[in-house]
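Reading through the structure tokens given below for one structure.
The values are calculated or read from the model by the stated rules, or taken from the named source; none is laboratory data. Values in this document were obtained by computation on a predicted structure and should not be read as measured data. Note: ideal-geometry Cβ built from the backbone for every residue, glycine included; neighbour counts use all protein chains shown.
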Amino acid sequence: MKFIDLFAGCGGLSEGFYKQGFKSLTHVEIDHHACKTLKTRMKYYGYNDNDVNVLEEDITSEDIISKIESHVKNKTVDVIIGGPPCQSFSSLGRAKDENGMADDPRNFLFESYIKVLNRFQPKVFVFENVTGLLSAKINGKPIINIILKELGKKYNLLKDIDQMVLNSCDYGVPQIRKRVILIGTRKDLKIKPSIIYKGIIKTHTNPDSKTNNETNLKDFVTVKDAISDLPKIKPGEGKPILKHEVKSNNEYLSKIRNFNDCEIRDHVARTHNLSDKMRYKIMSKNKWTFAELLEKKPSLNHNKQRVFNNSYVVQFWDKPARTIIAHLYKDGNQFIHPDHTQERTLTAREAARLQSFPDDFVFEGSRTQQYKQIGNAVPPMMAEAIAKSIKQVLEDI
């Protein structure tokens, strides 16, 4: 079964489809470093130089259809996947912009997705975005209604928007990450999209779930499950490749790591100033919020007066992580390591672990670029749950 990945990023969504045996026809992505990551991963999956089809292009360019056609050729496209950049839809982005990002050109990138969708008319599509999409407006009109109207011309869609919101934690990802997943089925196939949604099987509980009493669900995967085996390092320490053997196995690590591996990539800690190290250490040791720190240790207030409770946030060993975000490339203050003796923020590999990327996944580019790619990605284990259901439906027809 063949797919096209639009707004591919580093390939978190496509990773789930690779795991289920889908074949990539092409990826479209504008970021150079993410494109290098996509190419490296395709070679990992056995694609040769002739088959490594990654279009480093602006999807809004006039000739994008012909460029995609040159890669697809005469092959049938079974699935189109992808998520237009979401900064303009996010509630945080709208709050920071005086116009609520109403003038942001990224609001209209979904039109490019629909343009490609209408040209290749796959059997199924997957459109991923932040939950802020549900409340975003353009010229006073809810953007979700505009998108659903356009997508619904040739595709069956769910009527209940709430059912389109999935949480990665439910699928074994050690992270709370709610995302809008729009799945459509081509009308002539007469497949109800509800069949696909029902097939996206929840395997784990999550701290906010109302289904935690279901006996068939496993306990949510914690930060401790995901990263506690990694070498302890202080700020400024670590190397692009470190020797590392996992001594204590757990179910989560067995899914993302080959236990014959004796190395770990990208486990390099940022350098931090003395004040931040003190903040990290005290907050993680006491499990304090930033507000509690300011109340009890006012000397550690920040000069920039960013007194938001989410300016500095500790991740806790016994819970899933908070949503990993692309802002991680600017600073990691919202992702303070739970071990107070390390007095630092998360490394790129730790963030990748919390996103459910396999340890053998290579992120190309600088550490800044790695953080950005990881934060923007769809968790691969969540993507695989979606791919598995779509595969079953396509096999049935």
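Kindly indicate the residue of segment 302-361 that is basic (Lys, Arg) and more than 22 Å from the chain's Cα centre (by Cα) and also modelled with the lowest pLDDT among those meeting that condition. Spell out how you get there, then give the answer.
Within segment 302-361, the first condition is being basic (Lys, Arg), and the residues that meet it are 304, 306, 319, 322, 330, 344, 349, 353.
When the remaining residues are screened for being more than 22 Å from the chain's Cα centre (by Cα), the result is 304, 306, 344.
Working: LYS304: 64, ARG306: 55, ARG344: 98.
Looking at the filtered set, the residue picked out is ARG306.
Do we find a residue being assigned by TED's automatic domain parsing to the domain that holds LEU6, modelled with pLDDT of 95 or more, touching a Phe, Trp or Tyr at 6+ places or on another chain (Cβ under 8 Å) and buried (at least 24 other Cβ atoms within 10 Å of the Cβ) anywhere in segment 386-393?
Taking every residue of segment 386-393 in turn, at least one turns out to be assigned by TED's automatic domain parsing to the domain that holds LEU6, modelled with pLDDT of 95 or more, touching a Phe, Trp or Tyr at 6+ places or on another chain (Cβ under 8 Å) and buried (at least 24 other Cβ atoms within 10 Å of the Cβ).
Consider only pairs whose beta carbons are under 7 Å apart and that are at least six residues apart or on different chains; among these, list those whose first residue lies in segment 174-200 and is assigned to a helix (DSSP H, G or I) and whose second residue is of a type in the set (Phe, Trp, Tyr).
Listed pairs, sorted by first residue: LYS187/TYR155.
Take the residues in segment 367-385 that are closer than 15 Å to ASP331 by Cβ and over 8 Å from the mean Cα position of the chain (by Cα); name whichever of them is surrounded by the fewest Cβ atoms within 10 Å (Cβ to Cβ). Spell out how you get there, then give the answer.
Step one: list which residues in segment 367-385 are closer than 15 Å to ASP331 by Cβ, which gives 367-368, 370-372, 374-375.
Still in the running and over 8 Å from the mean Cα position of the chain (by Cα): 367-368, 370-372.
Numbers: ARG367: 17, THR368: 13, GLN370: 26, TYR371: 29, LYS372: 24.
Top of the filtered list is THR368.
Among helices (runs of 4 or more DSSP H) lying entirely in segment 201-295, which contain 2 or more residues that are outside the structural domain of PHE361 (by TED's automatic domain parsing) and modelled with pLDDT under 95?
Details: elements: 223-227, 251-256, 274-286.
Where helices (runs of 4 or more DSSP H) fall fully within segment 201-295, none carries at least 2 residues being outside the structural domain of PHE361 (by TED's automatic domain parsing) and modelled with pLDDT under 95.
Please go through segment 19-39 and pick out each residue that is hydroxyl-bearing (Ser, Thr, Tyr) and either in contact with a Cys (Cβ under 6 Å, 6 or more places away or on another chain) or surrounded by fewer than 21 Cβ atoms within 10 Å (Cβ to Cβ) (or both).
THR37 - this is the single residue of segment 19-39 that is hydroxyl-bearing (Ser, Thr, Tyr) and either in contact with a Cys (Cβ under 6 Å, 6 or more places away or on another chain) or surrounded by fewer than 21 Cβ atoms within 10 Å (Cβ to Cβ) (or both).
Being crowded, with 19+ Cβ neighbours inside 10 Å and of a type outside the set (A, V, I, L, M), is that true of even one residue in segment 40-55? Reasoning before the result, please.
Of segment 40-55, the ones crowded, with 19+ Cβ neighbours inside 10 Å are 41-42, 53-55.
Filter once more, keeping what is of a type outside the set (A, V, I, L, M): 41, 53.
Yes, segment 40-55 contains at least one residue that is crowded, with 19+ Cβ neighbours inside 10 Å and of a type outside the set (A, V, I, L, M).
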